[in-house]
Each structure stands twice: as structure tokens, then as C-alpha cells.
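Colleague: Please read through the structure below; I'll follow up with questions.
Throughout, read-outs are computed from the coordinates displayed, never taken from laboratory work. All of these numbers come straight from a predicted model, not from anything done at the bench. Note: ideal-geometry Cβ built from the backbone for every residue, glycine included; neighbour counts use all protein chains shown.
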Amino acid sequence: MAEKPAASRTPVRSRTPGTVIALLAALLVTVVLLVAGSPSPLRALRAFFGGPFSNIYYLGNMLDGAGLLLIAGLGVGLAFRAGVFNLGGDGQIYISGLVAAIVCLAIPEAPAAAGIVLATGSAVLVGALLAGVCGLFKYLWDTDELITSFLISAALVPTVSFLIAGPLRNQQSNLLTTVRIAERFRLLRILPPSNLNLALFAALLLAPAAYFLLYHTVRGYELRITGLNREFARYGGIAVGAYTVVPMAISGGLHGLTGAFAVLGTHHAAIEGFTFGLGWNAIAVALIGRNHPLLLVPAALVFAYMEAGSKAAMLHTEFSFELASIIQAVIFFMITAQVALPRLRPRLRRPETAA
Amino acid sequence: MQAPPRVQLRSITTYFPENDVTANDAVDMDIEAGTIHALVGENGAGKSTLMHVLSGFTASSAGRIMVDGRTVQLNAPADALTRGIVMVHQHPAYVPGFRVWENVLLGIECTGPAKLLDRSAAVTLIAQTAARYGVSIDPNARMQRLAASQIHFVALLGALLRRPRVLILDEPTAPCTEPEVALMFSLLRSLKSEGTAIVLITHKLKEVMEIADRVTVMRAGAVVGCMSLCDTSAAQIAALMIGEDCQVGDFDRRLVEALAGAPHGGNTNAGAVAGTGSSAAGTASARRSRSPHARDTTLELHKVTVYVGDLAVLDDISLSAQAGEVLGVTGIRENGLEFLEDVLSGSITPDRGVVLLDGKPVKRYSPRHFRHIGISYIPTDRILRGASMDSTVAENLILLHRKELQTGGVLRRKDVAAFAEELKQRYGITGVLHQPMKRLSGGNIQKVILSRELSGLRKVVVFSEPSWGLDLRSRDLMYSEMRALRDEGAVVILISADIDEVLGLSDRIAVMYRGRIAGLLQAEQRTRERIGEFMLGFKERDITALETRGSQDG
Amino acid sequence: MIFNAVEIMTPILLAALGGLFAERAGVLNIALEGLILTGAFAGILIAAATASLLVGMLAGAAAGGLLAVVFAFFSIRLRANIFITGLAVNLLAAGGIPFVSTWMFGTKGVLRFPQLQRMPRLLEGVTSGINAVDSLLFGHSVTVYLAWLLTALAFVVLYRTPFGLRLRALGAREESVVLAGVDATAYRRLAIVISGIAAGLGGAAISLRLGVYLPNISAGRGWIALVAIYLGYRHPFGILMAALLFGFTESLAGAAQGLLAIPGTVLLGLPYAITVVAMIVYSALRARGRRHRRLIDSHF
């Protein structure tokens, strides 16, 4: 029986008209839902558009969100560039976040630097492992990494929630959360009282670093070639297997870093469901930024703005967080659509090669 | 009084904005009922595209199509099919797991009660049609078990079952043996007598002279001549194809003369190819430094066997090639050439036997290792294996030199650009280095691959179907590079199903049949006819004798 | 336990059969999860409103089909990336249903419909004398038998009709059907809608059997169905076996829960874990002895 090889997928890419239309559509849907669902539509709209800038608290939180989105988005985009799809990012952030929290809680007396490095390192390692094994399975047996990465995360997420809500729960808190990590492990806050912290700078350093890696190094060249044409890469003597496993691991590692920063910088504890779909948003960010590390910076900002806006507006409406996944859905529907290039029929072969 | 031509194409213009190519530029063409109309031209001349437009497969940007004098809109193959316009493509698309009857009747299925598939009716229908035209095909055979030529006949049968009023064939004889060509031509003649209009796209002037009633010549997207066969000669057609205004190399001239002078004789043609070799090679090799170890290089295959399931697709192959010779390997497609290509490039590991370079077995079978030890390789599949179409031209060119163009893992931009520019200049690649590869024409894509592969170690170079789809000028370049390689002491292996090409370029020729070396011919022994006999397996019994003789001579 | 396994497998089987049509048309439908969820919600909502299980089932199928139309519009007509749009469907279901639920019932939590009649059972009291056979074959919900019927129907449609022939050709080699004058996009669109209808039906089968709607009631069945397609060698009867296997494992795990005292929350991840293990084992077994597969494919 003929089987469709899993590797036959086309690279995931967005196009400029699709990006613009997707953002506009997301904005439109948001506005419509806000107006429809709010007793005072005008105030909701004002909150949506102006909310993120109304005070330092909102602004800082928005920038903090953008930083986390950027790191995770880089993870998604790097995998896309190598032609692999890490669909377990949200879970990887969640799991690694808990790992970072556990490390911090286990060594409360350790020196600040050692604790931060250890917690971040273990989180990155766990993330890299979770995604890396999917790359390994793909390399060994052609197992579809899109499905395995999602399933592995989905299988572990309930356990993380159980640990946070059960054995590790902070009994003093009303929230389902672990005990807060020691003061010295918390990343320096930049705009108190907001959550903005040093992680933003890390994110802003990572983007050009990823750009340099992709476009100015041999490894980046090999990674992109592998992503665009696996067979050609193999033919050219590129170690294709490595560029299946390593980008997945890096992608997972960056998600792990996101998780660690969310705990050490933003929340100071592992809260149940603290990702709030951060991993899914990162996919949207990677697509808006067309998998280009530098374009990801504005993409993350735009997306964080929309997120912060809808959170601010939420105070004036009757809904809660599901608005975020509706916005995501709208963006995902539109972002890779080829709206501006309607073709009446597919041309299957190029003229020169068919001649 | 007189009926209008069956098909009239008027000012057909086909423009592809994504690669800025005008494949057809205001083309007019009339196709009459009951004639065989040859459509000839170099590669990229727009022949196939024009017929894709007529068969509804490609959209034209402008122009009008009339069938029986009435203007029609052909937006999809379905529209063309309902008007009786059927095209058999150069590489007929078939479904690998399907049987012949399922494939042939796709879209025109035989159904019984409750609209369910009626297998026996389908089988009977196909058997009858095949018998009527003298084709022997088992309707129950699985598609992937068929040889390439049989697949063409199956596709042709599928076309006939759609009762074509206009039948378009794109290079139908490419994979066929001479008897099969004869069968196909007699089939076409009987279709013609039934009143079908037939368009035959071909490269082979010989065939045009043999079977066509009319010929239309295209060049660079436009029609440059349309005449009745009784009013023209092969020389005139060839001249039109190449174009008097263009710069034509000495090689082209001779080839044209050879083709024109002896349309039925492949030998003369091949002689011309070989004859021009030394002069072109002399200048080419002077440009380059010699490989240090090239003189004593040998590449050897020792009892190489590859199984697919129980079938030995390569069966006990022993071959050796020395420095300074071109070893040609030919055979009909599906007889093992493609697996030989994969073994010689390290893409697959033999189940038994070894590949030896300079007498030492290779350590690993991987393209990476093969490249490392100095085996370059120009693959048959240029789009999927030979190039990354979404990467830039420069990125395609530097593939083998990425390690030399870096310092501490960082690519040196200036050196990358200079390196790519140098290859571009040396091989006359037309195109912009920082644009995607997919913008290039087929000939330029092959030039990029060639220049990249020849920029490597040049100890052993494996060419697989190197001239497939190339025009004469690009072929000329390819052949002179090949001879230059040989003269500087490299081992050159040419895998090609094109007998004339192999005859013209090789010092020795191995012929494959059903995964075995059926014959190994020295320079003085070879003729088209002898090769043909081995290709078809007529002489399979002589294998052992030939092999021993071959290895003694080598 | 066998009895339970058969009941558990039914929604998986239905969704996988639908997914098979998409798969055979060359589309890996990762939206099954969202389509099941939509079918489950719409099914129970309409069943409660009309007091008819049949109408509920149809509504579930229709809702799944409708969402699939949207999915097909974006992925086929606008040629958007099928995985990203598939994600969009899943997210839309995950976000849209609580939205509607809040709007209609003021809660995004559990919805109970006590007035809803119970799912009728067929062949109750029939016995073959062998216990295992009885619990495998008799006394199940009507949806179980419907799913079996649809399995046979899927086989006939795929392997005995021109539609199925063209669909299989489309997935294996798109060019072959386009050149044969078949509108490939229309077939692909139809295949996606069929998968939506079947997944919607599967969703309705879940919620109507339970008589309640819970958030995330699909619990990964869409992903399990996706893996079942491969485990079943992309054949309806193979998928029946694969779904049964998943049914068994899940009902076994349910039984083990009590014995081993694993917390319920942790167990929510179990179906995913079983599925991913099954998938990895399957691909490892398939990969053995298929060294040349990639190259052989390219030569034929």
C-alpha cells in the first residue's frame, strides 16, 4: 500500500498580503466581539486601543508579554526554517516553567546567579528534550514530529497541573499555584509595578543572534537548505539528520527558556495554566513575522499589544480569556491564505521543466 | 465549402509572472483533421506550454482557441477533454498502487448497477481497444511493475478510450525501443486514417521526417516556421530551430549537418559528437588546474547487488573505470540505471558487493562520504535533488564550498559573492545570483548544477542523464566539460538512456538489462545495433564471456 | 470491559473514518479534534432543544460539516497552509464554544440536560453463549452499530465507486486525476467536508451518550483518530481494528485507575500518552526493513 511520506509537507510560510489581512481581520473580529459583548462598547473599545498605554503597569506587562512571545516565536520560526513543526510549544513552556520553579524551590539557599542559571538551564534542557525526541523519532523512523510533539506535551500537561494544584500547591494562596520562588532568584524588574523584567533584554538579544545564525553562518545556511529541500541537502553532504533533531531541540529549548523567564521574571511561581496559550500565540507571531528573526520583533509587539488590549477591554465586557483563542483562530485562518493571488487553476509543472 | 481546421490557435500568449517568462508569444497554429502535425523546437521554445494551453492544463494570458471554427474556453483539462482534445504528457502521471484498468479509466470509469465500479467491463474494454491497435497490455497489471515505454502505451490507450478528435503526444518515443517506436507510429497512422488530428511534440528530426505531414517550428516562444513536409528538408527545419541569427558553435553546426544529412542514421550523429571532442576539450582543460591524484584514480564496482523486496534491481554488477576515460552505462529505463546512479552517489548501500575507489572499499555509503572522497555527481532529478529551487542561485552554487568560504563558522559574504560570480561567468549562467533558483530556465539550472559539481574535487564525476531536456548549446557545453574532465585525468561515468549520447562520448560502454550488465563494449565493437541487442536482452547469454573480456581489456 | 471498549471506540472510529477520506485525498486533517468538539456541543444543544436524539445526531454532523466547509474554504480555496488552518479550527472550537455557552447559559462549564432521553440500545438480551462475543457484539448504543455500518459504507465508497477511485488517485498522485479531467479541488473540498460530518457525528455520539456537555469533552479523540488512520493502514477495516485497540487500552486504563490510585487529573493525559506510544511503535515497525523506501518511491 502506498503511503504518503510525512516529509512531503510544504514549508510553512506566510505571505505579505495574508499577514496584513490576517491582522486586520483579527482586529475587526476583536472589535465586533467587544462591541457585541460589552454593555458599554465605547469604553471597551477605548480600553482595547488605549489600554496598553494607559499606565506603566499595562505598558510594562505588554512589553513583558512581547518578550516572552518573541523568545517562543523564535523557537517556532527556527523549527519552521528547518522544515520541522514543533506543535508542542505551549506544553513545553508549561512543563519547563514548573521545572524552573521546582529547581528554585529545591535550592532556596543557593547563590542568586547559581540558582538562576541552574533553574533556567534545567528548564531549557527539559524543553529541548521534549521537542528533541520528536526530531529524533522523525529522523529514525519518519514519525510525524507535528503530531508527536503535540501529543507528548498534551500527555504531560495534566500531570503538571496536578503537581501545581496538588503536591506543590501553596496552601496560603487562593490561586492554584506553587510557593513563590526566593526573592534572589527573581529577575530584576524594570518598570515596577509592572511585570517587565530583564528577560526582555534577553529576548532582544536573541533575535539578532538567531538572525546571525540563520543568515551568516554555515550552520544556518545548512539549516535553511535542509528546510527548503531535504533531498538536495542530503545530496550536498549536509547531515540532514542533525538538522532534523537539533532545530527541534533548539525550538524546545527556546520554549523552555520562555517557561523559565515566565516563572523567574513574570509570575515568580508556577501558576496553573500560566501560559494562557503563549505557545499558540508564538506560532501566530512566527507566522506574522514570516519566520524571520528580525521581523519577529515587531510581530511580537503587535501581537502583545492586541493581547494586552483585549485583556484591558475584557474588564468592560462579560467574557473572559477565550477571546484570545478566537483571535488566534482568525489569524491562523488568514495568515497563510493567498488572498491577493487568486489562481483559477493550479499549474502543476513549470514550463521549462515540462519541456 | 471547405471545413475549417479542427483546431485554430490565434495569438496565444502565455506569460508566467512568477518567473517572468513569456513561454508563448502571440502564437498562431492550425491543426487539421487527419494529419500528423509535428511541433519541434529547442528546449524552452514553448512547445509543451502551447500544448498545455490547448489541453486546458495551463492558462494562457491572451489569445483565442477555436475548435471546428468555434471559439472555446478551455479552463481546465476537463473542458478540453469534453471537446475531444486529449494530451499524453511527456511523463504520464499515473497512480503507483493502481492497476492498469483503474488508471486508464480514471475519470471515465465503467460502472454497473448502483453506480459501482464494473471491473470486468473495464478489463474487457481495455483488452479490446489494445487488441484493435496491436498493443499488448495486461489490464490487471500493477502500474509500478511496468516499464517506462509500457507506461506510455498505457497512457496512449487511456487517451484512445476518450475518443480523441485531437491527440497531443509530448515526446512519446523517448523511452521506447525501435520496435516500440514502429508500433507507436503504425498506431498513429491508423488513427490518422480515422480522421484524428495528431500533434507530435518531439526533439527528433528523424521522427519528424518519417511520420509527420506538417511541421511547426518554435523558437523562443514564437512560431518561426510552419510547412508541409514535402516542401522542406531536415536541414531547413534544424536551421529554423536553432536560428540563423544566433551564435552557433562549431559543434552545433556539425550536429545540424549530421542530422540534416542523415536523418535515419544515428551513427553519423554520434561520430560528429565524438569528432569535435578533442578541440573543445583542449581549451577547456587549459583553464583549470589538474587534480593532484587524478592520474591513478580508479573506480570499481565489485559484485554490487541491490534488492527491492525479492527483486534484484542491481544484480551482481562488476565494472571498473580508469582515470582518463569516459565509461558509458546505458540501457532502457527501469533496467537498473537509476539504482546504479544511487549506488555511485552513495545514496543507497548495496546489499552485497562493494564500491572501491583506488582499490580501497569506500567506508560508508552516504552522499556526504562520497563527496568527501572526491566523487562528484550530477543527478537525473535536477529539481528535487540537484537544486534547492527556493534558495538563491548563489546559495545553490556554494553548496560544496561552504566550508572553505567560512571563518569560524561565519560565511564571508564577499568571498561567497565572488565565488558565485566566478562560476556564473565561467559557465555563462544567465540569471541574478541573489534571486531564487526557480526563476532560472531549465538550461541554466543544469548549468548551475554542472558548475557546482565541477568546482569540486574532480576525481570521479558521475553524470546521470546530463543532457536530458537541454538545448543544443547547453549540451555542447556539457559535452566539452565532460571531455575536459577526461583529458585532465578524472574518471568520468556517464549514465544515460540515450544511445547516441553514450556512443558519441564514451570510451567503453556497459549495457544494462534487468539489473545486470548485459554487455560491455570496447570502442571498436560498438554500433547502435549491437547496443540495442543487449538493451533488449537478446544477448543475455553472452554476459559471462563479455564480462571477462571486458575486465581483461580494462 | 470489552463492552466499554466498544463504546469508547465508537467516536474514535467515526472521526477516523472521516479523517480517512481527507487522508486519502491527500489532506492530513489535524482539525478533527475541533470538529468533534463542535459536533458534541451542537449535537447535545439541538437534541435538548428538539427533544430528539436523531435530530441531535444530525445537528452534530451538520455542525461538523459546516465548520469543515469553513476549513476547506481557507485551506483549499485560499490555499492557506492546511496545518495552520487546522489549528485555527481547533482553536475556534476551543474558544468559540465557551463563548456561545456563556452567552446562552451563562456558564462555560458543565452543561446538563436531564430531560434528554437515554441513547437507545440494540440487540439487548441477544446472546451467543460466549460472554466475550456478547459484550463485543450485542446490547450497544445505537451509535455503535451506526459506526459499524458506516465502516462498511466507507469501504464500499472508497474501493467500489468511481468517487472513491478518484479520491484515492488524488491523494496518491494529484496530477493523474487533474489530467483525467477531474476537478481535484472539488474532490478535496468534499473529502474535508465528509471528514467534518463524520467527526461531528462522532462528537454527538460522545455527548448524547453521556447526556452532558463538559468542556474539552473530546479529550484528544481527534488526535487518537488521526493516529488510528495510520495504525489501520489507511483502510476502513484496519481503522476499525485500530479504534478497537484504543478502546481497549482506554477501558483497561480506566480499570487500572482504581487499582493503582492514579490521580484523575494525571489520567487526562493518558489517551495522548497511549496514542503517541502507539504512533512511535508503529512508525518504528514500519521503518524496519524499508531502507530503500524513499528512493524506491522516487523511482516509480
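Colleague: Over all residues in A:217-230, what is the mean tally of Cβ atoms on other chains that come within 10 Å of each residue's Cβ? Can you show the working numbers first?
Modeller: On the way: counts 6, 10, 5, 3, 9, 2, 0, 4, 7, 1, 3, 7, 11, 3.
Across the residues of A:217-230, the mean count of other-chain Cβ atoms within 10 Å is 5.
Colleague: Assuming a ≥ b ≥ c are the square roots of the Cα gyration tensor eigenvalues, decide whether the range A:9-337 counts as rounded (a/c under 1.5), prolate (otherwise, with a/b larger than b/c) or oblate. Intermediate results must be reported in sequence, preceding the final value.
Modeller: Numbers: a/c = 1.74, a/b = 1.16, b/c = 1.50.
Here the range A:9-337 falls in the oblate category.
Colleague: Additional query: Of all DSSP beta bridges located in the range B:7-244, what percent are antiparallel, nearest 5?
Modeller: Values: 23 of 42 bridges.
In the range B:7-244, approximately 55 percent of DSSP beta bridges are antiparallel ones.
Colleague: Any chance you could check the Cα centroid distance between the range A:279-305 and the range C:23-72 for me, in angstrom?
Modeller: Each part reduced to its Cα centre gives a spacing of 32 Å.
Colleague: As a footprinting exposure proxy, order A:C104, A:C134, B:C230, B:C176 by other Cβ within 10 Å, with the fewest listed first.
Modeller: Ascending number of Cβ neighbours within 10 Å: B:C230, B:C176, A:C104, A:C134.
Colleague: Still on this structure, please answer the following. Once you average over the residues of C:100-110, how many Cβ atoms of partner chains fall within 10 Å of each Cβ?
Modeller: Taking all residues of C:100-110 together, the mean is 1.
Colleague: Counting other beta carbons within 10 Å of each residue's own, what order do A:L223, A:L156 fall into, fewest first?
Modeller: Placing the least packed residue first, the sequence is A:L156, A:L223.
Colleague: Could you check what % of the DSSP bridge pairs in the protein assembly as shown are antiparallel, to the nearest 5?
Modeller: 60
Colleague: Separate question: Rounded, prolate or oblate: which fits the range C:2-246 when a ≥ b ≥ c are the square roots of the eigenvalues of the alpha-carbon gyration tensor, with rounded for a/c under 1.5 and prolate only if a/b beats b/c?
Modeller: Cα axes put the range C:2-246 in the oblate bin.
Colleague: Something else about it: Within 10 Å of each residue's Cβ, count the other Cβ atoms and sort B:R426, B:R473 from fewest upward.
Modeller: The most exposed by this proxy come first: B:R426, B:R473.
Colleague: Where in chain C are the DSSP H helices whose C-alpha atoms run 24 Å or more along the long axis and whose mean Kyte hydropathy is at least -1.0?
Modeller: On the way: long enough: C:2-24 (31 Å, 1.28); C:32-50 (26 Å, 1.81); C:53-72 (28 Å, 2.27); C:82-105 (33 Å, 1.65); C:142-160 (26 Å, 1.82); C:184-210 (39 Å, 1.16); C:236-260 (35 Å, 1.40); C:270-287 (25 Å, 1.56).
Span-like helices in chain C: C:2-24, C:32-50, C:53-72, C:82-105, C:142-160, C:184-210, C:236-260, C:270-287.
Colleague: Please list A:64-76, B:406-418, B:492-504, C:95-107 highest first by mean number of surrounding beta-carbon atoms within 10 Å per residue. Spell out each step's value before the answer.
Modeller: Values: A:64-76: 29.8, B:406-418: 13.5, B:492-504: 23.1, C:95-107: 16.3.
Per-residue Cβ counts within 10 Å, averaged per peptide and sorted highest first, yield A:64-76, B:492-504, C:95-107, B:406-418.
Colleague: Continuing with this model, one more query. May I ask you to evaluate 6.51 cos²θ - 1.76 cosθ + 1.60, the Karplus curve with θ = phi - 60°, for each residue of the range C:106-119 and list the ³J(HN,Hα) values in order in whole Hz, giving x for glycine and proline?
Modeller: x, 9, 10, x, 6, 10, 10, 10, x, 6, 5, 6, 6, 5
Colleague: Let me confirm one metric for peptide C:27-35, namely the mean number of other chain beta-carbon atoms within 10 Å of its residues' beta-carbons.
Modeller: For peptide C:27-35, the averaged partner shielding equals 2.
Colleague: What FRET efficiency, computed as 1/(1 + (r/R0)^6) with R0 = 30 Å and r the Cβ-Cβ distance, is obtained for A:F212 and B:D390, rounded to the nearest 0.05?
Modeller: Numbers: r = 21 Å, r/R0 = 0.71.
The formula returns an efficiency of 0.90 here.
Colleague: Still on this structure, please answer the following. Ranking request for peptides C:22-31, A:271-280, B:133-142: highest mean number of other beta-carbon atoms within 10 Å first, then the rest in descending order.
Modeller: Packing proxy ranking, top to bottom: C:22-31, A:271-280, B:133-142.
Colleague: Shifting gears a bit: Sequence-distant or interchain residues sharing an amide H contact under 5 Å with B:V88, placed H: which?
Modeller: Residues meeting the amide H criterion: B:I168, B:L169, B:D170.
Colleague: Would you mind pulling out the separation of the Cα centroids of the range B:413-434 and the range B:43-83, in Å?
Modeller: 38
Colleague: Taking amide H atoms as placed 1.01 Å from N in the peptide plane, list the residues 5 or more away in sequence, or in a different chain, whose amide H sits under 5 Å from that of A:A270.
Modeller: A:T178
Colleague: Another one. Expressed in nm to one decimal, what extension gain is obtained for the pair B:T407 and B:Y15 from 0.36 nm per residue of sequence separation less their Cα-Cα distance?
Modeller: On the way: separation 392, 0.36 × 392 = 141.12 nm, distance 4.35 nm.
That pair, B:T407 and B:Y15, stretches by 136.8 nm at full extension.
Colleague: Then there's this: According to the square roots a ≥ b ≥ c of the eigenvalues of the Cα gyration tensor, what is the shape class of the range A:143-201, taking rounded for a/c under 1.5, prolate for a/b larger than b/c otherwise, and oblate for the remainder?
Modeller: Since a/c reaches 1.5 but b/c is at least a/b, the shape of the range A:143-201 is classed as oblate.
Colleague: Here's something else I'd like to know. Can you list the residues, at least 5 places off or on another chain, whose amide H is less than 5 Å from the amide H of B:T58, using H built in the peptide plane?
Modeller: Under 5 Å from the amide H of B:T58: B:V53.
Colleague: Got a sec to turn the phi values of the range A:90-106 into Karplus ³J(HN,Hα) couplings, 6.51 cos²θ - 1.76 cosθ + 1.60 with θ = phi - 60°, whole Hz, x for Gly and Pro?
Modeller: Karplus values, whole Hz, x for Gly and Pro: 4, x, 5, 4, 4, 5, 5, x, 5, 4, 4, 5, 4, 4, 4, 6, 6.
Colleague: When the Cα centres of the range B:327-346 and the range A:100-164 are compared, how far apart do they sit, in Å?
Modeller: After rounding, the separation between the Cα centres reads 47 Å.
Colleague: How would you rank B:359-372, A:177-190, highest first, on the average number of other Cβ atoms within 10 Å across their residues?
Modeller: Top to bottom by mean Cβ count within 10 Å: A:177-190, B:359-372.
Colleague: If you don't mind, there's one more thing I want to ask. Past the 20 Å Cα-Cα mark, which pairs from B:K414/B:K459; B:K47/B:K447; B:K47/B:K206; B:K424/B:K459?
Modeller: Checking Cα-Cα distances, B:K414/B:K459; B:K47/B:K447; B:K424/B:K459 exceed 20 Å.
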